[in-house]
Structures are given as C-alpha cells and as structure tokens.
Amino acid sequence: MPRYDYPCLTARQRDGADIPEFCSFFAPAGEVLTWAAIERIQEQQGGFQRMANPARVRGVKRFFEQDPRNTIPTAVIVTLRVPTNALTTIPCDGGNVSKRLSFEVAAGIPDTEKPGLVIDGQHRLMGAKQFDTATLVPVVALLNPSQMETAFQFLVINNKAAKVPTDHLRRLALDYDEMGLEHRLRTARLTLKKNYALVGQVDEEQGSPFQAMIRWPTPRPGNRVIVPAAIESALQYIEDQQLQPLKDDTDALLEFFYAIWNAVKAQWADLWETPNAHLLTKVGVVCLTQYLTDSLAKLYEWGEVDLNDITQLSQRTGLLLATQAKQFWAAEWKEGGLDTTAGRQLVIDDLQRMARNLRARLPWFDGMATIIRPGPPPLLEE
C-alpha cells in the first residue's frame with residue numbers, strides 16, 4: 001500500500017474545542033490527486049467543488065509553460081482524514097523539533113474512499129498536474145475536520161475572495177520595470193494597460209487566429225490588417241452576454257474566441273488573403289463574432305453545446321458557417337457608415353437572412369440590405 005510522508009508545520013489558529021488543526025506542506029500535484037478527491041456538486045450530494053472548468057485548467061498549464069519563472073505560491077486547501085498517529089514529532093539538532101505527516105492510501109481507490117478532499121484549488125492542482133505531475137504545490141490540510149467545518153470553509157473561501165482593482169495593481173507596479181513586468185503579466189493573461197485589454201494576447205499568443213495581425217499605432221512587420229478596436233469590441237460583446245461558463249474567466253473567454261475564429265479561418269482561409277475582403281475589417285470581426293456568439297449561446301441554453309469544449313465549439317461553428325456564403329464578405333457592399341450601431345445591425349440582419357435563404361434553397365443574397373446585388377450564378381460557387 002503506497003505511503004505518503006511530508007515534513008510539515010502544524011498550528012491551531014484559535015483556542016477551544018472543535019478547532020481544526022492546520023498542517024502545511026509541499027507535495028507533487030499528481031500525488032495530491034491520488035489521495036485527495038475532487039467531489040463536485042453536480043456529481044453527488046455532499047460534494048463541495050464546482051464543476052471543473054477545462055479552460056481554467058488549460059490556463060494554469062499554459063501559465064507554467066509560458067515562462068520558466070512563473071510559479072503559483074497560493075496554497076491548495078484540503079481536508080484530510082488520518083489516524084491520530086499520522087502526525088509525529090521528530091527531534092532535531094540543538095533541541096529543536098520538526099513534524100512529519102505520514103499515512104497510507106490504497107492504490108486505485110475511488111474518490112469516495114480517499115482520505116483527502118479538495119475544497120479550494122482544484123484548477124491549480126489539475127493544471128499543474130497536466131504541466132508536470134511532479135510540480136510541487138503548497139498544501140494546507142485541515143486535519144480530521146467535521147463535515148460541517150468542511151462545508152463552512154468551502155463557502156467562506158469561495159465567497160469572500162475580492163478581486164484586486166486594476167488601479168491598485170498599476171500603483172504597485174510603479175517601482176518595477178514596466179515593460180518587463182507587463183511581459184510577465186501577459187503570460188498570466190493579465191495586463192496593466194486598460195486601453196487594449198486582451199488585444200496584446202490575441203496578437204502574440206500561439207494558437208490565436210489573429211497572431212501578428214493587429215495593426216498597432218507603432219508600425220510592426222507583417223500583414224497587420226486588423227485594428228485593435230475590432231478585437232476589443234468583439235471580446236467585449238462576448239463578455240457582455242454574461243454566459244456562465246465564460247463569466248469572469250479570461251482563459252475561457254479567449255479560448256471561446258479562438259475556437260470560433262480558428263474554425264472560421266479553417267473554412268474560409270482564402271479570405272485571410274483576399275484584398276479588400278470585409279471579413280477582417282472591424283465591422284466583419286465584430287459582426288461575425290456577435291452572430292456566432294448569439295447562435296452558440298442558444299445552443300448552450302438548449303443543452304446542445306459545452307462552451308468550454310473547444311472541439312464542440314469548432315464543430316458547431318463549422319455547422320453554422322455551412323449556412324453562410326463566404327462570398328458575402330468579398331462582395332461589394334453598399335456605401336454608408338456600417339461601423340455604427342445601426343450599420344452593424346444591418347450586417348447581423350443580413351447574416352441571419354443569409355442562413356434562412358440557404359436553408360430555403362434560395363439565392364444567398366436574396367433580400368439583403370448591405371450588398372450591391374451580385375452578378376450571375378457563378379458567384380454562388382465555392
């Protein structure tokens with residue numbers, strides 16, 4: 001039977017009966033998950049964790065991969081049922097003492113029989129394990145607490161966290177090299193720059209459909225055809241929909257955005273190279289993002305798509321594009337200000353009309369408001 005041994009520190013934060021003993025130590029992430037369960041509310045009664053968000057797990061893994069200096073000092077909180085003799089005191093030189101936590105756990109036991117239960121830090125644990133199962137994580141274990149104490153700690157920890165205001169972060173950063181700090185923060189998908197928010201990540205990250213395509217005010221090499229405001233507005237629209245799987249989660253937001261636009265790029269790659277095509281203009285990026293987001297949100301509400309599953313998002317986006325004609329984006333559009341609220345709504349209306357036309361086996365351009373009526377049928381050919 002595998003045995004686990006950890007040098008540790010212990011303390012009781014308060015005096016009195018029923019006060020749990022805290023035990024702090026370091027352990028490999030993969031090892032913690034062999035003896036600590038992640039019980040989820042949706043899976044069984046008595047479980048305390050929310051469903052794991054795959055995007056957040058991938059975000060932790062990505063954070064470790066981005067920079068060899070990136071570390072996570074925040075402790076994972078677990079409860080741990082162990083025998084009374086699991087904690088021993090070891091004399092050291094000079095009259096000092098240290099403590100060691102030792103316990104055995106049968107290999108391959110189901111989660112319901114594991115002695116540990118993760119009450120905070122499931123995404124850190126899972127992401128660290130995916131990066132490298134040997135990644136050390138700090139652990140604070142509540143030894144042998146009651147079920148009531150476990151529930152209390154989970155509710156307090158998950159409802160009392162306060163996000164640090166961006167202005168506070170900017171003030172803290174004044175004494176540091178701004179460029180160096182900004183680069184490190186980008187590996188965690190954070191930024192001190194309000195104006196462009198996540199646009200820098202979209203321009204720089206591997207896997208972004210718009211990598212090295214953002215047209216910044218300072219000239220940079222490459223085919224940079226997308227204005228920053230296009231990405232900023234598109235991401236803001238997704239955020240404004242308050243879709244629960246993406247809410248307040250930068251990793252999930254970017255993965256959703258990348259998934260739908262990588263699917264667009266895979267099917268309409270030639271539009272990335274077509275001069276004067278409308279797809280990569282601000283109107284094109286914002287309107288197609290809105291159309292696809294609204295459509296996927298409906299599918300999510302009907303229980304037909306998981307917004308955190310990249311494969312499902314790509315497949316569903318591909319099906320949505322099957323009822324769109326890419327010729328629309330290369331056609332001649334009527335003159336007028338489409339980069340307005342009213343103008344963008346005309347484009348959205350045409351995207352919806354186009355889908356209905358194709359489903360009804362009508363010409364895709366029938367009744368559309370934003371384009372000059374195209375020519376003969378060859379325009380319908382892919």
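The values are calculated or read from the model by the stated rules, or taken from the named source; none is laboratory data. Only a predicted model underlies this, so the values are computations on that prediction, with no experimental measurement involved. Glycine gets a Cβ as well: all are built from the backbone with ideal geometry, and neighbour counts include every protein chain shown.
I'm checking my understanding of the structure. Among residues of the stretch 243-266 that are surrounded by fewer than 19 Cβ atoms within 10 Å (Cβ to Cβ) and modelled with pLDDT of 95 or more, which one is farthest from GLU205 (Cα to Cα)?
So the residue we want is ALA266.
Given the options ILE109, ILE119, name the one that is surrounded by 21 or more Cβ atoms within 10 Å (Cβ to Cβ) and among the aliphatic types (A, V, I, L, M). Break it down into steps so the answer makes sense when it comes.
Working: ILE109 fails: surrounded by 21 or more Cβ atoms within 10 Å (Cβ to Cβ).
Of ILE109, ILE119, the one residue that is surrounded by 21 or more Cβ atoms within 10 Å (Cβ to Cβ) and among the aliphatic types (A, V, I, L, M) is ILE119.
Take the residues in the stretch 37-71 that are surrounded by fewer than 17 Cβ atoms within 10 Å (Cβ to Cβ) and basic (Lys, Arg), then tell me which one is modelled with the highest pLDDT.
ARG69
Quick check, is TRP272 within 18 Å of the chain's Cα centre (by Cα), within 22 Å of ALA322 (Cα to Cα) and surrounded by fewer than 22 Cβ atoms within 10 Å (Cβ to Cβ)?
So TRP272 does not fit the description; no.
Among the residues of the stretch 272-282, is there at least one that is touching a residue at least 12 places away in the same chain (Cβ under 8 Å), among the aromatic types (Phe, Trp, Tyr) and in the same structural domain as GLN206 (by TED's automatic domain parsing)?
The answer is no; no qualifying residue exists.
Where residues in the stretch 132-141 are in contact with a helix residue (DSSP H, G or I) (Cβ under 7 Å, 6 or more places away or on another chain) and surrounded by 19 or more Cβ atoms within 10 Å (Cβ to Cβ), which of them is farthest from ALA86 (Cα to Cα)?
For the stretch 132-141, the residue satisfying everything is THR135.
Please name all residue pairs, on different chains or six or more residues apart, with Cβ atoms under 8 Å, provided the first residue is in the stretch 309-322 and is within 21 Å of MET354 (Cα to Cα) and the second residue is modelled with pLDDT under 95 and among the hydroxyl-bearing types (Ser, Thr, Tyr).
none
Got a sec? Which strands (runs of 3 or more DSSP E) wholly within the stretch 61-112 have at least 3 residues that are of a type in the set (D, E, K, R)? Steps first, please.
Values: elements: 76-80, 87-91, 97-104.
Fully inside the stretch 61-112 and qualifying: 97-104.
Filtering the stretch 320-349 down to residues that are assigned to a loop (DSSP other than H, G, I, E, B) and of a type in the set (S, T, N, Q), which residue is surrounded by the most Cβ atoms within 10 Å (Cβ to Cβ)? Can you show your working first?
Restricting attention to the stretch 320-349, the residues satisfying the condition of being assigned to a loop (DSSP other than H, G, I, E, B) are 322-326, 331-332, 334-340.
If we keep only those that are of a type in the set (S, T, N, Q) too, we end up with 323-324, 340.
Numbers: THR323: 16, GLN324: 20, THR340: 11.
So the residue we want is GLN324.
Could you please give the count of residues in the stretch 353-365 that are in contact (Cβ under 8 Å) with a residue 12 or more places away in the chain and over 15 Å from LEU321 (Cβ atoms)?
Step one: of the stretch 353-365, the residues in contact (Cβ under 8 Å) with a residue 12 or more places away in the chain are 353-355, 358-359, 363-365.
Pick out the ones that are also over 15 Å from LEU321 (Cβ atoms) and you get 353, 363, 365.
Selection size over the stretch 353-365: 3.
Filter the stretch 288-310 for residues that are surrounded by 17 or more Cβ atoms within 10 Å (Cβ to Cβ) and farther than 25 Å from GLN345 by Cα; which is modelled with the lowest pLDDT?
ASN308
Any residue that is buried (at least 16 other Cβ atoms within 10 Å of the Cβ) and part of a loop (DSSP other than H, G, I, E, B) - is there at least one of those in the stretch 311-319?
No; the residues of the stretch 311-319 include none that is buried (at least 16 other Cβ atoms within 10 Å of the Cβ) and part of a loop (DSSP other than H, G, I, E, B).
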